[in-house]
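S.K.: If you scroll down you'll find the structure; I have some questions about it.
The values are calculated or read from the model by the stated rules, or taken from the named source; none is laboratory data. Remember, predicted model here, so these are calculated numbers, not experimental data. Cβ atoms come from the backbone with ideal geometry, glycine included; neighbour counts cover every protein chain shown. Accessible surface is based on the protein model in full, side chains and every heavy atom, while ligands, DNA and RNA are left aside. Shrake-Rupley method; radii C 1.70, N 1.55, O 1.52, S 1.80 Å.
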Amino acid sequence: MITVTNVGLQYGDRKLFDEVNIKFTPGNCYGLIGANGAGKSTFIKILSGEIEPQQGDVHLKPGQRLAVLKQNHFEYEEVEVLTTVIMGHARLYQVMQEKDAIYMKEEFSDEDGIKAAELEGEFAEMNGWEAESEAAILLKGLGITEEFHTKKMADLSGSEKVKVLLAQALFGEPDVLLLDEPTNHLDIKAIEWLEEFLINFENTVIVVSHDRHFLNKVCTHIADLDFGKIQIYVGNYDFWYESSQLAQKMAQDQNKKKEEKIKELQGFIARFSANASKSKQATSRKKLLDKIELDDIKPSSRKYPYVHFGLGREIGNDVLRVEGITKTIDGEKVLNNVSFTMDKEDKITLVGDNEIAKTALFKILTGEMEPDSGTYKWGVTTSQAYFPKDNSKFFEGSNLNLVDWLRQYSPEDDSDTFLRGFLGRMLFSGDEVKKKANVLSGGEKVRCMLSKMMLSGANVLLLDEPTNHLDLESITAVNNGLINYKGAMIFTSHDHQFNETIANRVIELTADGVVDKQMTFNEYLETIK
């Protein structure tokens, strides 16, 4: 258990935390959520002891161990992979070194023998004899095969290093586990393995993630960071989101009888309890949900962008024909004989291990890059809007304010009032529209690019990782906006829920061409298990 008492932290005039009091208890997984810049990663650093709060304190029960997912991927370059994992249990690793140092002495004294016996006893208590096998099991579960276990960290790729550092955090059954964006750079199988691990983990977990599917699978509680305070809610992310929306609806309808509100709440809780995916978590979560009273559900102060993609014209049956597109980049063939036909009802998610391949196909289809061979043809009734993964060229060097920046992409001669209102719906309110385009944050740039696309009225959307840099509120809004979109779409995303709720077709880019499946994302995942 870890207890936070009256914690406060302020940078200049900005108060990140104000008298935060919270208790994280064993057997629960807490999803720490909050808008970008709210201080989620900073709070994780306070819990880990990396940052000292200006007031209050963090208390870990004596004798308990805390583990944290390291963010410096180059910290252990000269260390073997298996050893890096074991180093996650600092005391165990220290005992191993002290033992080895004693046994390597040429002259072994009685004092050394006594010390060695003490260390051997402590080593056994910490299950040290199983350390290497446990570390190996964690690595294999995350996709790091045995051939890499004796290599140095410097020999691994960036994504492989991430997996090793994650195994390091999970190693040795820590009493409190702190994970900041643990699914970044993980493949689908590694994420599924981590979900299973955390579902069955019996100690305390606190996790920051923008992956709603992940939060829904593993979390028993949501810790909502808002206005410098943290409020704990029972349930996963979807339950928090839906319950806060329900609370707003109730607050707007004060004349509704309380009995009717209670009935609605009971039905809501019953629906979520029944949908829990794992029996172990379903049982504990249902017990917690059943205890919720009407007054426990409060409206969220979060603001959600208004995302709506309208069609400037109806789309015809002939949308896109791709035939035999091949492309080599820096000596690597990233696209090989890619062929498919797109219909007006298609919502296609592109999948595959090669990120460069997916981006290259988008660039070819939008005319930014020429294929080495093959052709593509858009239907005469189509109009396309493209969201690139790298949007820097739209903002670098631009001294325009946001109103004038957006005006460049308006098909009509829209007034300042219209453009200000449009930006307001994307959470640029008041003087924020006077910001210069070249000083925007990553998330603000994404919201501007989405505004540009919405203004276009395009009936075909091409989106390359549109949720990068967005907070959970904006991701949810974009997700809902694309669910309701009436045109055709090709997109790529690492967000499981995004893929599952939007796509009705999956195209996998492989070294030999494409695997084309007319099915949902979850159905596709079942085919590759």
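S.K.: Counting each DSSP H run of 4 or more residues in the chain as -39500 (n - 2.57), what helix-only mean residue ellipticity at 222 nm follows after dividing by all residues, to the nearest 500 deg cm²/dmol?
M.R.: Helix-only estimate at 222 nm: -11500 deg cm²/dmol.
S.K.: Hey, another quick one. Mind counting lysine pairs for me in the range 1-140? Cα separation below 20 Å, and the two need to be 8 or more apart along the chain or on different chains.
M.R.: Close lysine pairs found across the range 1-140: 11.
S.K.: Now, a different point. Treating only the Cβ of Lys, Arg, Asp and Glu as charged (+1, +1, -1, -1), what charge dipole size does the chain show about its Cα centre? Round to the nearest 20 debye.
M.R.: 2580 debye
S.K.: I've got another one for you. Among 81-92, 335-346, how do they line up by average Cβ neighbours within 10 Å per residue, starting with the highest?
M.R.: Packing proxy ranking, top to bottom: 81-92, 335-346.
S.K.: Now a separate question. Dividing the alpha-carbon radius of gyration of the range 70-159 by 2.2 N^0.38 Å (N being the number of residues), what value is obtained?
M.R.: Cα Rg divided by the expected 2.2 N^0.38 Å: 1.26.
S.K.: Right, here's the next one. Which of the helices in the chain meet the span-like rule: DSSP H, Cα axial reach of 24 Å or more, Kyte-Doolittle mean at least -1.0?
M.R.: Membrane-span-like by this rule: 258-275.
S.K.: In addition: Please turn the phi angles of the range 513-529 into ³J(HN,Hα) values with the Karplus equation 6.51 cos²θ - 1.76 cosθ + 1.60 (θ = phi - 60°), one per residue in order, whole Hz, x for glycine and proline.
M.R.: The phi angles translate into x, 10, 10, 10, 10, 8, 7, 6, 5, 5, 5, 4, 4, 5, 6, 9, 6 Hz.
S.K.: Taking the highest mean first, how do the peptides 390-397, 356-363 order by number of other beta carbon atoms within 10 angstrom per residue?
M.R.: Going by the mean number of other Cβ atoms within 10 Å, highest first, we get 356-363, 390-397.
S.K.: Would you mind working out the magnitude of the charge dipole of the range 320-528 relative to its Cα centre, with +1 at each Lys and Arg C-beta and -1 at each Asp and Glu C-beta, to the nearest 20 Debye?
M.R.: For this selection, approximately 540 debye.
S.K.: Considering the options 513, 156, 503, tell which one lies farthest towards the positive end of the dipole of the chain, charges being +1 on Lys and Arg and -1 on Asp and Glu at the Cβ, about the Cα centre.
M.R.: 503
S.K.: Can you find, among 527, 403, 137, the residue sitting farthest towards the positive end of the charge dipole of the chain, where Lys and Arg contribute +1 and Asp and Glu -1 at Cβ?
M.R.: Of the options given, the answer is 403.
S.K.: So how exposed is residue 313, as accessible area in Å² (1.4 Å probe, rounded to 10)?
M.R.: Solvent-accessible area, nearest 10 Å²: 120 Å².
S.K.: Only four residue types carry charge here, +1 at the Cβ of Lys and Arg and -1 at the Cβ of Asp and Glu. Report the dipole size of the range 61-204 about the Cα centre in Debye, rounded to the nearest 20.
M.R.: Dipole about the Cα centre, nearest 20: 480 debye.
S.K.: Using amide H atoms built in the peptide plane, which far-off residues or other-chain residues are under 5 Å from residue 51 H to H?
M.R.: 46
S.K.: Using the scaling law 2.2 N^0.38 Å as the reference, what is the normalised Cα Rg of the chain?
M.R.: This ratio for the chain stands at 1.10.
S.K.: Rounded if a/c is under 1.5, else prolate if a/b beats b/c, else oblate: with a ≥ b ≥ c from the C-alpha gyration tensor eigenvalues square-rooted, which is the range 351-402?
M.R.: Since a/c reaches 1.5 but b/c is at least a/b, the shape of the range 351-402 is classed as oblate.
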